[in-house]
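Read through the structure below, which is laid out as structure tokens, and then see the notes.
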Amino acid sequence: MKIVPTALAVLAMLGTALVTLMAVVFCLASGANAAPEQIRVLKLWMIGLTSLGLAGIGAGIYLLRVGQPGRAAGASFLPTVIMVLILAVALLR
């Protein structure tokens, strides 16, 4: 039954990659009619969100390599939760 936590961690990594892509596309779409200062801020948001996603996936891979698939799933899924909260706050504004 060791395959189930490992599969869950891999699915969490895939989910984080997709949510990161969605967040970056959302930022790109927000900048269609933006002023230059707003575009600069959106670029910083895109860099930050991409870094967050890559850090979560990297931590998940590292934790899988050291044999902790449960923690790998948690570390891989945490950026997804953070990005969904950011999206919810952005949409409520």
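Kindly report, to the nearest 10 Å², the accessible surface of Ile3 as traced by a 1.4 Å probe over protein heavy atoms only.
Near enough 120 Å² of accessible area.
At 7 Å along Cα-to-Cβ for each site, give me the label-to-label distance between Leu21 and Val4 in nm.
For the pair Leu21/Val4, the computed spacing is 2.9 nm.
Calculated FRET efficiency, Ile39 and Arg65, Cβ-Cβ r, R0 41 Å, to nearest 0.05?
E(calc), rounded to 0.05, equals 0.60.
Percent of accessible area on the chain owned by carbon and sulfur, 1.4 Å probe?
Carbon and sulfur atoms account for 76 percent of the accessible area of the chain.
Set the Förster distance to 22 Å, then compute FRET efficiency between Arg93 and Leu14 from the Cβ-Cβ distance, nearest 0.05.
0.15
Using the Kirkwood radius built from alpha carbon pairs, what does the Stokes-Einstein equation give as D for the chain at 10 °C and 1.306 mPa s, in µm² per second?
Taking Rh from Cα pairs, D becomes 114 µm²/s.
Leaving out ligands and nucleic acids, note down the accessible area per residue over the chain with a 1.4 angstrom probe, in whole Å².
67
Mind checking which of Gly74, Gly31, Gly58 has the largest fluctuation in a GNM of the chain, springs on alpha carbons under 10 Å?
Checking each option, the largest mean-square fluctuation is seen for Gly31.
The values are calculated or read from the model by the stated rules, or taken from the named source; none is laboratory data. Here the structure is a predicted model, which means the values were calculated and not measured. Note that we place each Cβ from the backbone using ideal geometry, even for glycine, and neighbour counts take in every protein chain shown. Please note that ligands, DNA and RNA were not included when accessible areas were found on the heavy atoms of the full protein model with its side chains. Shrake-Rupley method; radii C 1.70, N 1.55, O 1.52, S 1.80 Å.
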